[in-house]
Amino acid sequence: MTEANSFSLDVASHPDNVGLARLAVAALAAGAPFGVPDLEEIRVAVSEAVTNAVQHGYGGRRDGRVRIEATLSQDRLKVVVSDQGRGIEDVALARQAAAGEGERLGLGILFMETFMDHVVVESHPGQGTRVVMEKRVPVAALAADGD
Ligand SMILES: Nc1ncnc2c1ncn2[C@@H]1O[C@H](COP(=O)(O)OP(=O)(O)OP(=O)(O)O)[C@@H](O)[C@H]1O
Ligand SMILES: [Mg+2]
């Protein structure tokens, strides 16, 4: 694959759209020689980011908007999940495992950081949150791909 491929999806903050986002990103990623475990990791990371937007950003309200932008280039997949919800007061604290609220485990951001090669969480309280995640296409697979 030489040309980059991309999509942008704007969905309601409805829990059903977690699956839609996961499916769409996985379908795009399938255009690169990611292994099956890589694709599963991508699915989990996207699910966690979109779930956070729905549950925390909009507090379960279904009338917010969540944007999922995904770009597949020769060597990496980049996914940006953004919401215009309530934002995060302290991103450093939120990134710590077990920083979740109430009974939540607080593992979502940790999963994103474990499964993706690069994760940036940007947030402005009262304005929203933007999560940028990148995963590199395995070098060996690229070499074998040949084009
Ligand atoms: N899009 C977002 N908008 C507002 N707050 C967020 C957002 N994403 C994360 N947070 C905050 O960061 C915390 C940590 O998120 P993380 O996904 O790691 O854990 P969690 O959602 O609480 O639990 P889990 O993902 O394990 O169910 C959340 O509890 C929430 O306070
Ligand atoms: Mg979470």
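The values are calculated or read from the model by the stated rules, or taken from the named source; none is laboratory data. It should be emphasised that the depicted structure is a prediction, and the values quoted were computed from it without experimental measurement. When we count neighbours, we look across all protein chains shown, and the Cβ atoms used for this are built from the backbone with ideal geometry, even at glycine. We work out accessible area using only protein heavy atoms, side chains counted, and drop any ligands, DNA or RNA first. Shrake-Rupley method; radii C 1.70, N 1.55, O 1.52, S 1.80 Å.
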Put +1 on the Cβ of each Lys and Arg and -1 on the Cβ of each Asp and Glu in the chain; which of 11, 81, 108 then has its Cα farthest toward the positive end of the dipole? 11
Could you please state, rounded to a whole Å, how far the C-alpha centre of region 104-141 is from the C-alpha centre of region 2-42? 14 Å
Placing one equal point scatterer on each C-alpha of the chain and summing with Debye, one gets log10 I(q)/I(0) at q = 0.11, 0.12, 0.20 Å⁻¹ equal to -0.40, -0.47, -1.18
Relative to the present Cα-Cα distance, how much length would full extension add between residue 124 and residue 8 at 0.36 nm per residue of separation? 39.6 nm
Residues residue 65 and residue 30, FRET efficiency given R0 of 35 Å [Cβ-Cβ distance, rounded to 0.05]: 0.85
In Å², rounded to a whole number, the accessible area per residue of region 5-145 with probe 1.4 Å is 51 Å²
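What's the magnitude of the charge dipole for the chain around its Cα centre, counting Lys and Arg as +1 and Asp and Glu as -1 at the beta-carbon? Answer in Debye, nearest 20.
Computed charge dipole of the chain: roughly 320 debye.
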Given labels modelled 7 Å from the Cα in the Cβ direction, how far is it in nm from residue 142 to residue 104? 3.4 nm
Quantify, in whole percent, the carbon and sulfur part of the accessible surface of the chain (1.4 Å probe; protein heavy atoms only). 51 percent
Going by alpha carbons, how many degrees (0 to 90, nearest 10) lie between the helix axis of 36-52 and the longest principal axis of the chain? 20 degrees
In nm, to one decimal, how far is the modelled label at residue 16 from the one at residue 95, with both set 7 Å along Cα→Cβ? 3.6 nm
Roughly how tilted is helix 16-29, in degrees to the nearest 10 and between 0 and 90, from the longest Cα axis of the chain? 20 degrees
